[in-house]
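Structure, as structure tokens:
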Amino acid sequence: DVKVTQSSRYLVKRTGEKVFLECVQDMDHENMFWYRQDPGLGLRLIYFSYDVKMKEKGDIPEGYSVSREKKERFSLILESASTNQTSMYLCASSLQPNYGYTFGSGTRLTIV
Amino acid sequence: DQQVKQNSPSLSVQEGRISILNCDYTNSMFDYFLWYKKYPAEGPTFLISISSIKDKNEDGRFTVFLNKSAKHLSLHIVPSQPGDSAVYFCAARTSGTYKYIFGTGTRLKVLA
């Protein structure tokens, strides 16, 4: 089974900090994704990557950046954390689009 | 603009009865659809998919129906079990893209 591992389950950071969320997958998937989940808004795509060093903006990229230096690792960066970035962050990977995604367990991030 | 909508935020069903979760979409270019289930503090897990060339797909207790003319998708769970209590997301993509657009989710509660 594909495993997608997010480094932290819970994280509390201060406003203005630079925050790194790490995601690693172990099945050589080309495609990786970062979503955030908020009540009433569902899952919204922040960024995705279809190859090493390749990235594309999703629907809500403002305030975020990403890094994919190695195929298995996809990092989400909050450049200067703000309270409206308090959310559940979900990383996912996929081999092919029709196979859907495998998600990690999520990181509950609180910005205070 | 929400391209994938789940208009019922919550649903309660008695154990053993049928659960019907609905999903509407606006983009006629969507050609592949997924349903995911999510328990609290876990990542979503893939349930079932359907291609736009089909109108039904079945997997055990789960059946997905697609009505392209109405741009409507539904997930039927028969019989419903308490362990099915979770948030259910539908997701859709267009051909040639890797990213899925998710609905806002429906919280299903199956009462014992």
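Tell me, which strands (runs of 3 or more DSSP E) wholly within region B:51-112 include 1 or more residues that are within 25 Å of A:Tyr35 (Cβ to Cβ) and within 11 Å of chain A (Cβ to nearest Cβ)?
Numbers: elements: B:56-59, B:62-67, B:72-77, B:86-94, B:106-111.
Ranges flagged: B:86-94, B:106-111.
Could you go through region B:17-31 and let me know if any residue there is buried (at least 17 other Cβ atoms within 10 Å of the Cβ), among the aromatic types (Phe, Trp, Tyr) and either out of contact with any strand residue (DSSP E or B) (no Cβ under 7 Å at 6 or more places or on another chain) or touching a residue at least 12 places away in the same chain (Cβ under 8 Å) (or both). There is at least one residue in region B:17-31 that is buried (at least 17 other Cβ atoms within 10 Å of the Cβ), among the aromatic types (Phe, Trp, Tyr) and either out of contact with any strand residue (DSSP E or B) (no Cβ under 7 Å at 6 or more places or on another chain) or touching a residue at least 12 places away in the same chain (Cβ under 8 Å) (or both). Yes or no: B:Ser12 surrounded by 14 or more Cβ atoms within 10 Å (Cβ to Cβ) and more than 10 Å from chain A (Cβ to nearest Cβ)? Spelling it out, it is not the case that B:Ser12 is surrounded by 14 or more Cβ atoms within 10 Å (Cβ to Cβ) and more than 10 Å from chain A (Cβ to nearest Cβ).
Could you please find all residues in region A:28-78 being touching a residue at least 24 places away in the same chain (Cβ under 8 Å) and outside any strand (DSSP E or B)?
Restricting attention to region A:28-78, the residues satisfying the condition of being touching a residue at least 24 places away in the same chain (Cβ under 8 Å) are A:28-38, A:43, A:46-47, A:49, A:58, A:60, A:64, A:66, A:68, A:71-78.
Scanning region A:28-78 gives A:Asp28, A:His29, A:Glu30, A:Gly58, A:Ile60, A:Lys71, A:Glu72.
Within the option set A:Ser93, A:Ser105, A:Ser82, A:Ser49, being away from every other protein chain (no Cβ under 11 Å) and among the small types (Gly, Ala, Ser) holds for one residue only, A:Ser82.
Out of the residues in region A:86-100 meeting the condition of being among the hydrophobic types (A, V, I, L, M, F, W, C) and crowded, with 24+ Cβ neighbours inside 10 Å, tell me which one is nearest to A:Asp28 (Cα to Cα).
Quick first cut of region A:86-100, residues among the hydrophobic types (A, V, I, L, M, F, W, C) only: A:88, A:90-92, A:95.
Adding the requirement that they be crowded, with 24+ Cβ neighbours inside 10 Å leaves A:90-92.
On the way: A:Leu90: 19, A:Cys91: 15, A:Ala92: 13 Å.
Only one residue tops the list, namely A:Ala92.
When each of B:Asn57, B:Asn67, B:Asn22 is tested for being modelled with pLDDT of 95 or more, within 26 Å of A:Ser105 (Cα to Cα) and not basic (Lys, Arg), the lone residue that passes is B:Asn22.
The values are calculated or read from the model by the stated rules, or taken from the named source; none is laboratory data. All figures in this text were calculated on a predicted structure; none of them were measured in a lab. Glycine also receives a Cβ, built like all others from the backbone with ideal geometry; neighbour counts cover every protein chain displayed.
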